[in-house]
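Trainee: Below you'll find the structure I mean.
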Amino acid sequence: DTAPRRPTAKKSAEVVFSSAMAAAAEAAAVAAAAASAAFRYNRENYMFDAGLRWGRFTTGYSMAMAQASMYREDIRDLTALTVTKQDTYHTVGVIFFVLNFQLIMAGRLGVHGPSPPGWLLGLYWTNICSALCFLVTFTWMAMHAAARATAGGAFMLTRHVRLPIPTPQMLDKARRTGNSYEKQRVADVFRIPFAIPAPLESEVDPDSGERLPLSNRRMPKWYEDEVGELRKDEGGAAPGPTSNPEHFELYRGLQEEWWAHDVYSRIGVLYFMSHWLTAASLYSMCHVFTELRCIWPAYTVTAAFVTAHSGILKLDIVNMPREGGSAGIPVEKVVPFVPFLCVVGMTIDYSVLPASPVWQTVVYCLAWIGYIIQFAWALRLYDLAMPQARLQEREEQPGQPWWPADWPLPPAFEDAIYMVSAPKQLDAGMSCIQQEMKAAKGKARYEAQPVKAKKSLPPMFAWKLFRGALVTTISMWVLIIAGRVFEQVNGERQLLKQENRVERWPSHFQPWMAPWSRKGSRSEWCHAGGCDRRLSESELQQHRDISSMASRLAATLGPVAAALDSHLGTPRLRVPERVAEIHAANIAWPADFRPAHLASREGVLVAVADAKSGAFVRFRDGSDEVEAFDSFCIRGIDDLGSVVGVAWGARGLTLTTATGVIAECAGTPVAGAWTCTHAVTAPMLPGGLAAAVVGLHEASGRFRAAVRYEGEDNVLLLEADSSLGAWLPSGEVRAPAGGLRLSLSRGAEEVFIAVADGSAIRRSIALGDVQHVAPSRALPGVTWHGASDLGGGRLAQLAIGATPELFILSAPAHRATA
């Protein structure tokens, strides 16, 4: 009975089932724990990647926008290079238009003296006309290049080179919320790390449609979703060894339309200056020989022009051999010295040497050498300006000009044109973020080609125009050389009538009798073989006879007139003094400038508006002709009220403001602005000012003032006492009723009172005498705003109508003492 019982089959089955259930439960628990851990792990990775997705999106676009801003600066810099150069050439051209016509018209030879020799006039006129030809050519090319470059830059900035700003829809797609994890694939949600690695990065082959590995990187499936959602428009060309940002390629294509004008405008500046310097040298020696009758100054002025001419040619012309050819004859090394040949010929021509075939031959030989050199120079200019394309690309060097090989620039001027084109490729280590953002990956990245500049033949219209100017110059030299041959064979100036003129050897003429003068007489005092503008001896004797007759007549009739006056008791009529001559100065006032106050110093007038702006008006050599007009603004007194009076002394400008505060503007304006400060040594004027002006009396160092208060007509004269800090009365001037403007002379010695009817009064502060310096005159729609003494008996008056006008009075009208 004590022996153990053997388990039954049923009991064994129950035990086995219980063990299996326990194992299954344990396995399920382990699986659930593993799944939960994998779920949490993958969710944390997903949320981490979602943050990286947003950061990658915003960072990429931020860097792309920063780079696009730099690209916009590239367009502006390339445009500004062309525009700045062309503006400089244009400015030079405008200035020399005047100087060129001065040599042609205002300083024409043969007017004040005998005509220079024909052989020299041929050289002079061909050079000055060639200079005018190149002057017009390069000025118009500069205008075209600057305008076209500006338009091209504006086109690029407003259409192509824009900031890649993402749209709100793109920002919404880039953002991920936490519940989007629920939409992920089960394999990604419960992937066990290390045990089940993520799939390799892959892409769909556009040919077979199969997904092929792209790299050894392992990426979750949601990364592929990110690529598909955020970069579905990618597929362009990836940056490669020959890639280049699109804006460079597009801009280089635009440069095709103006680079030739840019180049030949610069070459035109040199060609113009070469001919102008030669012409100026020839003109100067003609003036010295024919009018001044000197020798050595002709050599000094010629040396100056020759040195300048030689210097600019050496600076601009490289004399580089053409590829596959020679450099040509360097005529530029000898052409500057043609004026030296001419000055030697002029010396012999105008010297006291006797006329002989030997000296005539020497002069003509020197002249023909000059003509041959000038003709060779015209041919050389054509050769130097011919375009030539390079056989290979020019290596880029920092700070050096660069242009593509297919731009046929003249090699002789490579160091003078300062041409910079958009590059064809980026330097090593640099990349275009926008191209990277658009780039496809894998196999598709090499299927599309990046944007390139449009291939076309170089636009050489500018060269054709410039070639026309060169051919014109060559033709002029051919014509003048043929004319010189005819002149020497047929005789100098035998095709023209030469009435009353006699030939001097070897080729120039002078009148054998003096020409008619402006007063219809001959036989004037003459020099240099011609005549000047002095009175002739006969005219001088005639004036003496008239003066003597007038004196005898006055002595005879004087007693008769006195007896008649005393007998008839007729009162003597006072002969009025000379009436003032009044005329308007030719000044182009700015449209927004309304001057109200005047002050002058050393013949220079300053006009100041109530709104704290002003202008200098400079007159030419004490005349009434306006030489310059310069505007400026007044700074530093914005809180002191409007300006009611202006005085100009040695220390600068003294302003009286409506608040009674005095301000001083030291020196002169700087960069168009005149900075003023409160004059601490000048007491403040009382309120209620109708008109006032304060200036520094240079002799005493004290401030003087002339003021008129509202409701009063008299003008009160004041002088500042620095010890008391107050104004003391020093006089009073009875002024006409109506609006008044006050101003002080330089040094504050006199006060000027301008009345609304146009009259003006001057009162000496020290002596007290009053002088009426301008008569009253009414002009419809015009009010008179100020008067100032210009010196030399001239008075400036300011009138305001539809536009400001400045009137100059040359003499006082009448006097009265009070």
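Trainee: Looking only at the stretch 56-73, decide whether some residue is touching a residue at least 40 places away in the same chain (Cβ under 8 Å) and acidic (Asp, Glu).
Mentor: Going residue by residue through the stretch 56-73, those that are touching a residue at least 40 places away in the same chain (Cβ under 8 Å) are 57-58, 60-61, 63-65, 67-69, 71-72.
Filter once more, keeping what is acidic (Asp, Glu): none.
No - not one qualifying residue is present in the stretch 56-73.
Trainee: Separate question: Against the definition (closer than 17 Å to Ala720 by Cα and crowded, with 23+ Cβ neighbours inside 10 Å), how does Gly649 come out, yes or no?
Mentor: Spelling it out, it is not the case that Gly649 is closer than 17 Å to Ala720 by Cα and crowded, with 23+ Cβ neighbours inside 10 Å.
Trainee: Tell me yes or no: at least one residue of the stretch 685-701 is of a type outside the set (Ser, Thr, Tyr), open to solvent by 40 Å² or more (accessible area, probe 1.4 Å) and modelled with pLDDT of 85 or more.
Mentor: There is no residue in the stretch 685-701 that is of a type outside the set (Ser, Thr, Tyr), open to solvent by 40 Å² or more (accessible area, probe 1.4 Å) and modelled with pLDDT of 85 or more.
Trainee: Could I ask something else about it? How many residues does the stretch 288-313 hold that are touching a strand residue (DSSP E or B) at 6+ places or on another chain (Cβ under 8 Å) and modelled with pLDDT of 85 or more?
Mentor: Looking only at that region, the number is 0.
Trainee: Could you list, in sequence order, the residues of the stretch 655-676 that are open to solvent by 10 Å² or more (accessible area, probe 1.4 Å), β-branched (Val, Ile, Thr) and in a strand (DSSP E or B)?
Mentor: Across the stretch 655-676, the qualifying residues are Val670, Thr675.
Trainee: Could you check, for the stretch 633-641, whether at least one of its residues is hydrophobic (A, V, I, L, M, F, W, C), at pLDDT 80 or above and under 27 Å from Phe807 (Cα atoms)?
Mentor: So far as the stretch 633-641 goes, yes, one or more of its residues are hydrophobic (A, V, I, L, M, F, W, C), at pLDDT 80 or above and under 27 Å from Phe807 (Cα atoms).
Trainee: Next up: Filter the stretch 677-700 down to the residues that are outside any strand (DSSP E or B) and touching a Ser or Thr at 6+ places or on another chain (Cβ under 9 Å), then identify the one that is farthest from Arg741 (Cα to Cα).
Mentor: Thr681
Trainee: So how many residues does the stretch 746-765 have that are touching a residue at least 40 places away in the same chain (Cβ under 8 Å), open to solvent by 10 Å² or more (accessible area, probe 1.4 Å) and touching a Lys or Arg at 6+ places or on another chain (Cβ under 8 Å)?
Mentor: Here the count works out to 2.
Trainee: Restricting to the stretch 134-151, give me the number of residues that are more than 21 Å from Met273 (Cβ to Cβ) and touching a Ser or Thr at 6+ places or on another chain (Cβ under 7 Å).
Mentor: So the count comes out to 2.
Trainee: Cβ-Cβ distance below 8 Å, separation of 6 or more or different chains: which pairs start in the stretch 158-185 with a residue that is farther than 30 Å from Thr79 by Cβ and outside any helix (DSSP H, G or I) and end on one that is at pLDDT below 75 and of a type in the set (A, V, I, L, M, F, W, C)?
Mentor: Gln184/Trp222
Trainee: Another one. Using the structure shown, decide if Met460 is open to solvent by less than 70 Å² (accessible area, probe 1.4 Å), farther than 29 Å from Trp377 by Cα, in contact with a helix residue (DSSP H, G or I) (Cβ under 7 Å, 6 or more places away or on another chain) and at pLDDT 55 or above.
Mentor: For Met460, the condition - open to solvent by less than 70 Å² (accessible area, probe 1.4 Å), farther than 29 Å from Trp377 by Cα, in contact with a helix residue (DSSP H, G or I) (Cβ under 7 Å, 6 or more places away or on another chain) and at pLDDT 55 or above - is not met.
Trainee: Further question: Quick one: how many residues across the stretch 323-373 are in contact (Cβ under 8 Å) with a residue 40 or more places away in the chain and at positive phi?
Mentor: Residues meeting the conditions: 1.
Trainee: State all residues of the stretch 781-795 that are under 16 Å from Arg594 (Cα atoms), among the aliphatic types (A, V, I, L, M) and touching a residue at least 40 places away in the same chain (Cβ under 8 Å); if no residue qualifies, say none.
Mentor: Ala787, the sole residue that qualifies.
Trainee: Can you confirm whether the stretch 314-327 contains a residue that is in contact with a Leu (Cβ under 7 Å, 6 or more places away or on another chain), at pLDDT below 95 and either open to solvent by less than 20 Å² (accessible area, probe 1.4 Å) or basic (Lys, Arg) (or both)?
Mentor: Within the stretch 314-327, the subset in contact with a Leu (Cβ under 7 Å, 6 or more places away or on another chain) is 316-317, 323.
In the following step, the residues that additionally are at pLDDT below 95 were identified as 316-317, 323.
Next, only the ones that are either open to solvent by less than 20 Å² (accessible area, probe 1.4 Å) or basic (Lys, Arg) (or both) stay: 316-317.
Within the stretch 314-327 (the criterion being in contact with a Leu (Cβ under 7 Å, 6 or more places away or on another chain), at pLDDT below 95 and either open to solvent by less than 20 Å² (accessible area, probe 1.4 Å) or basic (Lys, Arg) (or both)), the answer is yes, since at least one residue qualifies.
Trainee: Continuing with this model, one more query. For residues that are among the hydrophobic types (A, V, I, L, M, F, W, C) and open to solvent by less than 50 Å² (accessible area, probe 1.4 Å), scanning just the stretch 37-64, find the one that is farthest from the chain's Cα centre (by Cα).
Mentor: Residues of the stretch 37-64 that are among the hydrophobic types (A, V, I, L, M, F, W, C), as a first pass: 37-39, 47-48, 50, 52, 54, 57, 63-64.
From what's left, open to solvent by less than 50 Å² (accessible area, probe 1.4 Å): 37-38, 50, 57, 64.
Values: Ala37: 74, Ala38: 72, Ala50: 55, Phe57: 45, Ala64: 35 Å.
Here the answer is Ala37.
Trainee: Kindly indicate whether Arg741 is in contact with a helix residue (DSSP H, G or I) (Cβ under 8 Å, 6 or more places away or on another chain), on the phi < 0 side of the Ramachandran plot, basic (Lys, Arg) and in a strand (DSSP E or B).
Mentor: The answer is no for Arg741.
Trainee: Test Val358 against the stated conditions and say whether it is assigned to a helix (DSSP H, G or I), at pLDDT below 95 and under 37 Å from the mean Cα position of the chain (by Cα).
Mentor: For Val358, the condition - assigned to a helix (DSSP H, G or I), at pLDDT below 95 and under 37 Å from the mean Cα position of the chain (by Cα) - is not met.
Trainee: Within the stretch 389-422, how many residues turn out to be surrounded by fewer than 19 Cβ atoms within 10 Å (Cβ to Cβ), aromatic (Phe, Trp, Tyr) and out of contact with any Ser or Thr (no Cβ under 7 Å at 6 or more places or on another chain)?
Mentor: So the answer is 1.
Trainee: Taking the residues in the stretch 90-106 that are without any contact (Cβ under 8 Å) to a residue 12 or more places away in the chain and closer than 20 Å to Tyr264 by Cα as candidates, determine which candidate is most open to solvent (accessible area, probe 1.4 Å).
Mentor: Ile95
Trainee: A follow-up question, please. Based on what the data block shows, is Leu132 under 29 Å from Gln488 (Cβ atoms), open to solvent by 10 Å² or more (accessible area, probe 1.4 Å) and either touching a helix residue (DSSP H, G or I) at 6+ places or on another chain (Cβ under 6 Å) or among the acidic types (Asp, Glu) (or both)?
Mentor: Against the criterion (under 29 Å from Gln488 (Cβ atoms), open to solvent by 10 Å² or more (accessible area, probe 1.4 Å) and either touching a helix residue (DSSP H, G or I) at 6+ places or on another chain (Cβ under 6 Å) or among the acidic types (Asp, Glu) (or both)), Leu132 qualifies.
Trainee: Of everything in the stretch 98-109, what is closer than 14 Å to Ala279 by Cβ and modelled with pLDDT of 70 or more? Give them in sequence order.
Mentor: Scanning the stretch 98-109 gives Leu99, Asn100, Phe101, Gln102, Leu103, Ile104, Met105, Leu109.
Trainee: Here is a check on your reading of the model: is Ala34 modelled with pLDDT under 80, exposed (fewer than 15 other Cβ atoms within 10 Å of the Cβ), aliphatic (A, V, I, L, M) and not in a helix (DSSP H, G or I)? Explain how you work it out, then say what you get.
Mentor: Values: modelled with pLDDT under 80: yes; exposed (fewer than 15 other Cβ atoms within 10 Å of the Cβ): yes; aliphatic (A, V, I, L, M): yes; not in a helix (DSSP H, G or I): no.
Answer is no for this residue.
Trainee: Answer yes or no: is there a residue in the stretch 174-181 that is farther than 22 Å from Gln435 by Cα, modelled with pLDDT of 70 or more, in contact with a Ser or Thr (Cβ under 7 Å, 6 or more places away or on another chain) and of a type in the set (Val, Ile, Thr).
Mentor: No, every residue in the stretch 174-181 fails to be farther than 22 Å from Gln435 by Cα, modelled with pLDDT of 70 or more, in contact with a Ser or Thr (Cβ under 7 Å, 6 or more places away or on another chain) and of a type in the set (Val, Ile, Thr).
The values are calculated or read from the model by the stated rules, or taken from the named source; none is laboratory data. Just so you know, these numbers come straight off a predicted model, no measurement behind them. Heads up, the Cβs are rebuilt from the backbone with ideal geometry, glycines too, and the neighbour counts pull from every protein chain shown. These accessible areas exclude ligands, DNA and RNA; they are computed on the full protein's heavy atoms, side chains included. Shrake-Rupley method; radii C 1.70, N 1.55, O 1.52, S 1.80 Å.
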